[in-house]
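The values are calculated or read from the model by the stated rules, or taken from the named source; none is laboratory data. It should be emphasised that the depicted structure is a prediction, and the values quoted were computed from it without experimental measurement. All Cβ positions, glycine included, derive from the backbone under ideal geometry; neighbour counts span all protein chains shown. Each accessible area value is taken on the protein alone, full model and side chains, heavy atoms only, with ligands, DNA and RNA left out. Shrake-Rupley method; radii C 1.70, N 1.55, O 1.52, S 1.80 Å.
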Amino acid sequence: MISEAHLPQILALFLFVVGMTIVLLRRNTIVLLMGIELMLNAANLSLVAFSRANGQLDGQVMVFFVITIAAAESAVGLSILVNLYRNFGSINTDRAKSLQG
Amino acid sequence: MSITELFPYIPFTDDGLFALVPLIILGCGGTLSLMLAPLEKKGELISRLIAMATLLASAITLCLQSEAQQVVGGVLLVGAKTSYLMLALHVVAAFALFLLSGEDKKESLLAESSPLVIYALCGMCLLISSHHLLFQFIAIEIMSLAIYVLVTMRRTHKSSAEAGMKYFILGSIASATFLYGSALIYGSTGFFTLPEIALAPTTVLKTAGFVLVIAGLLFKVGAVPFHGWVPDVYEGSSLPVTGFMAAAVKFAAFTVLANVAAAGFADETGLVIKWILTVAAALTMAWGNFAALTQRGLKRLLAYSSVAHTGYLIVGVIAAGATAGAPVALYLIFYAFATLGAFACLQTLAPGSDDVPIEALAGRGLTHPFTSAGLTLFLFGMAGIPMTAGFIGKYLVFGSGVTSGHVPLVVLGVLTSVAAVYYYLRIVVSLYMKPVESGHPAPALKFGAAVVTLICMATTIYYGLAPANIISFFEKL
């Protein structure tokens, strides 16, 4: 039933769900950034595996773009984090609750 | 298989290269402006002037191109419609720069705010013309990364830091969801380009991918239940940035949502997408308007009103189905001018970027007759009162909804927009029928805000009275 080609996809789905769970449950902003990276890399893994299964290179080439974007995203995220620390004296999201959502 | 077969080289035609010129100008101009921004003397002024010149140059090259064509092997589809939408975005960005020039000293914004607006615009233009899921992801990120920084730009304000962090985290989840969804669609169909995806056979995997992609985009446009960031981000960022986001980000995100949904509607996947969008539209219209009724702060009220408008626009997307959807584009243009104008008026009437209660506007109708008249007009436009462009937009969107047989949604839309008149009128009543309160000083009218208010007023009235030209232009495309 589950062939060899499915295994990377199952792993990708697992990583994506783990990343999403981390982002939704944890309060430490650094850990949140790690969770976001995990989600993006799960998508990358899925792209590469599909690309191989489809016998094309499109997906694998696109992964390079995504890796670059993920690096830029981390840089922006960390600078926002520094700003958050300067204002609240903590990087935990439960300290920053001045807005009511 | 040789390397040239694996990576076939697609030579650019002259026309294809010319179609990319606006994007290239925006990218280079933004970078130049960014490099000159830290100059000690006049760095701010120089970077802003370069940003303006970039906008002008890119807008001129946009005006020169007309014929519809595919660029870079079908990644970008450009034509008269995308050129027009991009021009509207250029105008919005120019207005944002005008408004920023009055505000940046007071809010201690850095000089880098002007290049960031240009970068965000570059991402939006790429987003509007792209019909390739991965390039849409890249464009969304170019736009969002610039906007995250713009939101956090009021570095000394706690609300800004918190809003930026919230927006960043939630926005990144949405982007990652979009990316994973496009990976699943690619796995099922073998394509990233939307026209080919629309023709591919329906599978469970493709449907799941579309659900994830649509969920990511619904976040970007701020639809319920993904709207949590909207009021916080609107409250935390400085007024020009809020205006830019409300007008331009929603504009670009909705255009791509309409494109993706149109590809999904082509086969049985469309049933699932339609169901999701219908639920989102109903919830967004109901909750956006209901929450706006209870708000005290002006910025939060406008934030929830923007959520409510998202609901009306989703009705337009559903009604358009697999077609291009002229009503949505027109509504977006009209709404962009009304909302940007409203934020320009607030900049004069309620100084400072911290949220103020509606009562702070009391009696401003007498002390600031021009700006108050402008704000009243824009609020009427958002409420959809006849003779304004907002009415034409609502009329077209709801009309297309009835024609395509979505009567219950349209009834809900009309009922909620009647309720919305109440909270828009609350602001107008405060402007004209309350005595002036002491303790809320009003600054003089600034040049930038006055220009933006005047042009937005002219647009709102002109398209409200004589919409025939622009409607026939969009329906022909």
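When a/c reaches 1.5 or more, the comparison of a/b and b/c decides; with that in mind, is the stretch B:75-149 rounded, prolate or oblate per its Cα gyration tensor? Here the stretch B:75-149 falls in the oblate category. Note on the protein assembly as shown: dipole from Cβ charges, positive end direction compared against B:Ala344, B:Leu298, B:Thr416; the farthest Cα belongs to B:Leu298. Gain on full extension, evaluated as 0.36 nm per residue between B:Thr4 and B:Lys158 minus their Cα-Cα distance, stands at 50.0 nm. Among the listed pairs B:Lys166/B:Lys299; B:Lys158/B:Lys220; B:Lys220/B:Lys250, those with a Cα-Cα distance over 19 Å are B:Lys158/B:Lys220. Straight-line cross-link reach from B:Lys81 at under 17 Å between alpha-carbon atoms covers these aspartates and glutamates, not counting any fewer than eight positions away in the same chain: B:Asp15, B:Glu67, B:Glu475. Diffusion of the stretch B:276-383 by Stokes-Einstein, at 10 °C in a medium of 1.306 mPa s and with Rh set to the Kirkwood radius over alpha-carbon pairs, works out to 106 µm²/s.
The charge dipole of chain B, taken about its Cα centre with unit charges on the Cβ atoms of Lys, Arg (+1), Asp and Glu (-1) only, comes to about 1000 debye.
Only the Cβ atoms of Lys and Arg (+1) and of Asp and Glu (-1) were treated as charged; on that basis the dipole of the stretch B:347-477 about its Cα centre amounts to roughly 220 debye. Using Cα pairs closer than 8 Å and at least 6 residues apart in sequence, work out the relative contact order for the stretch B:11-138, in percent. This gives 32 percent for the stretch B:11-138. Listed by chain and number, the aspartates and glutamates whose C-alpha is less than 18 Å from the C-alpha of B:Lys41, apart from same-chain residues fewer than 8 away, are B:Asp104, B:Glu112. When the accessible areas of B alone and A alone are added and the area of the pair subtracted, with a 1.4 Å probe, the result is around 3800 Å², both sides summed.
Plugging the Kirkwood radius over Cα pairs into Stokes-Einstein for chain A, at a temperature of 20 °C and a viscosity of 1.002 mPa s, what D comes out in µm²/s? Stokes-Einstein gives a translational diffusion coefficient of 140 µm²/s.
In straight-distance terms, cross-link reach from B:Lys446 covers every one of the lysines whose alpha-carbon lies under 17 Å from its own, apart from those fewer than eight places away in the same chain; here that gives B:Lys105, B:Lys106.
Where the accessible area of the stretch B:23-157 is counted over protein heavy atoms with a 1.4 Å probe, how much of it, in %, is carbon and sulfur? Exposed carbon and sulfur together represent 72 percent of the surface. Can you classify the stretch B:3-476 as rounded, prolate or oblate using the Cα gyration tensor, where a ≥ b ≥ c are the square roots of its eigenvalues, rounded means a/c under 1.5, and otherwise it's prolate if a/b beats b/c and oblate if not? The shape class here is oblate.
Here the stretch A:12-97 has 65 percent of its accessible surface on carbon and sulfur atoms, given a 1.4 Å probe and all protein chains in place. Which longest run of chain B has no exposed loop site in it, a site being GluC sites (Glu not before Pro) in a DSSP loop with at most 14 other beta carbons within 10 Å, and the site itself not part of the run? Excluding the exposed sites themselves, the longest stretch runs over B:68-267. For n ≥ 4 DSSP H runs only, could you compute -39500 (n - 2.57) per run for chain B, divide by its residues and tell me the 222 nm figure to the nearest 500? Taken over chain B, the calculation gives -25000 deg cm²/dmol. Computed about the Cα centre, the dipole magnitude for chain A is approximately 440 debye when only Lys and Arg (+1) and Asp and Glu (-1) carry charge, each at its Cβ.
Select from B:Leu379, B:Ser47, B:Phe12 the residue farthest towards the positive end of the dipole of the protein assembly as shown; place +1 on Cβ of Lys and Arg, -1 on Cβ of Asp and Glu, and compute about the Cα centre. Comparing the listed Cα positions along the dipole, B:Leu379 ranks first. Solvent-accessible surface, computed for protein heavy atoms with a probe of 1.4 Å, shrinks by 20 Å² or more for the following residues of the stretch B:161-183 when the other protein chains are added to the isolated chain: B:Ala161, B:Glu162, B:Met165, B:Phe168, B:Ile169, B:Ser172, B:Ile173, B:Ala176, B:Thr177, B:Leu179, B:Tyr180, B:Ala183. Relative to the dominant Cα principal axis of chain B, helix B:113-129 is inclined by about 40°.
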